[in-house]
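Colleague: Okay, handing you the structure first.
The values are calculated or read from the model by the stated rules, or taken from the named source; none is laboratory data. Everything numeric in this text was worked out from a predicted model, so none of it was measured. All Cβ positions, glycine included, derive from the backbone under ideal geometry; neighbour counts span all protein chains shown. Keep in mind that these areas ignore ligands, DNA and RNA; they rest on the heavy atoms of the full protein, side chains included. Shrake-Rupley method; radii C 1.70, N 1.55, O 1.52, S 1.80 Å.
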Amino acid sequence: MGSLFEGELVIGSGAAPPSVAQVLSGQDPHTEERKTLPVLVRLSKGVNTPGALPDVLGLTLRIPPVGGAADPTDILFLSSGRFALTRLAFLPALDWTGCVYSTVQPYRIGARLVWLGAFPEQTDRIVSSSVDAVREAVLGQPLVFTIAAAEACQPWRPIGQLVVRHPLPREEDCAVSFDPLLNSHPVLRPAPEWLAAIRAAAYAGSRRARGASLESLRILPKRSRTATG
């Protein structure tokens, strides 16, 4: 159970290349400019508990092809913990702005393993875990998240900002499929490989059960489609 939104990812090139920020933005490592990318976002409940009951909350992000990637990059964040050990765990949450989100599974970039995180900036704004509630909240005011990266046992380092703006019509929810394994950036790969293979099979099975086509993995934000012709 989830809802689809359009928004923007504002991200810089980062510090020492190769950096996660550089990969996700497609920026030259020597520039200090920040780049704004149109993105698709799905906010969803993992167990599909009814209404505002607590659940493992999901934030899935689709970034248009950047930095030499031929396909979009999908990244799944789940309600998790802030610290080195708790960022590895799924933690149920009561509201969308009262928890931290982590990829839980690390990514390999060069010889390093990194985790990505999403931190709500409007922590005084309570939005219950209901999918309907978050749609209504975004209609009134965008949700804003700090996007961060961390290596093992290291603190989070901000690399950008995600703004969730426009709820898309309900009928478009089922038209888009996300797959952070198949739609992973060639320089930023989910690790370890054995776990990625198991998750990839689960995503493929889910698409077959729903009758979703591979084309549903390629749908981009409308702003991005307009820009590319």
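Colleague: Which of the residues that make up the range 48-94 are within 19 Å of residue 120 (Cα to Cα), touching a residue at least 60 places away in the same chain (Cβ under 8 Å) and open to solvent by 70 Å² or more (accessible area, probe 1.4 Å)?
Modeller: 82, the sole residue that qualifies.
Colleague: Can you tell me which of 105, 122 is open to solvent by less than 70 Å² (accessible area, probe 1.4 Å), in a loop (DSSP other than H, G, I, E, B) and touching a residue at least 60 places away in the same chain (Cβ under 8 Å)?
Modeller: Exactly one residue qualifies, and that residue is 105.
Colleague: Determine if the range 44-54 includes at least one residue that is modelled with pLDDT of 95 or more and more than 22 Å from residue 137 (Cα to Cα).
Modeller: Among the residues of the range 44-54, not one is modelled with pLDDT of 95 or more and more than 22 Å from residue 137 (Cα to Cα), which makes the answer no.
Colleague: Inside the range 108-118, can you point out the residues that are open to solvent by 10 Å² or more (accessible area, probe 1.4 Å) and within 17 Å of residue 181 (Cα to Cα)?
Modeller: 108, 113, 115
Colleague: Would you check if residue 217 is at pLDDT 90 or above, open to solvent by less than 60 Å² (accessible area, probe 1.4 Å) and over 13 Å from residue 71 (Cα atoms)?
Modeller: Working: at pLDDT 90 or above: yes; open to solvent by less than 60 Å² (accessible area, probe 1.4 Å): yes; over 13 Å from residue 71 (Cα atoms): no.
The answer is no for residue 217.
Colleague: Test residue 202 against the criterion of being of a type in the set (A, V, I, L, M), within 21 Å of residue 42 (Cα to Cα) and surrounded by fewer than 18 Cβ atoms within 10 Å (Cβ to Cβ), and give yes or no.
Modeller: yes
Colleague: Quick one: residue 194 ticks every box in (1) free of Cβ contacts under 8 Å to residues at least 12 places away in the same chain; (2) in contact with a Phe, Trp or Tyr (Cβ under 8 Å, 6 or more places away or on another chain) bar one, so which box is it?
Modeller: Residue 194 satisfies all of (1) free of Cβ contacts under 8 Å to residues at least 12 places away in the same chain; (2) in contact with a Phe, Trp or Tyr (Cβ under 8 Å, 6 or more places away or on another chain) except (2).
Colleague: Quick one: how many residues across the range 128-185 are in a loop (DSSP other than H, G, I, E, B), touching a residue at least 40 places away in the same chain (Cβ under 8 Å), open to solvent by less than 40 Å² (accessible area, probe 1.4 Å) and within 28 Å of residue 214 (Cβ to Cβ)?
Modeller: Going through the range 128-185 one residue at a time, the tally reaches 9.
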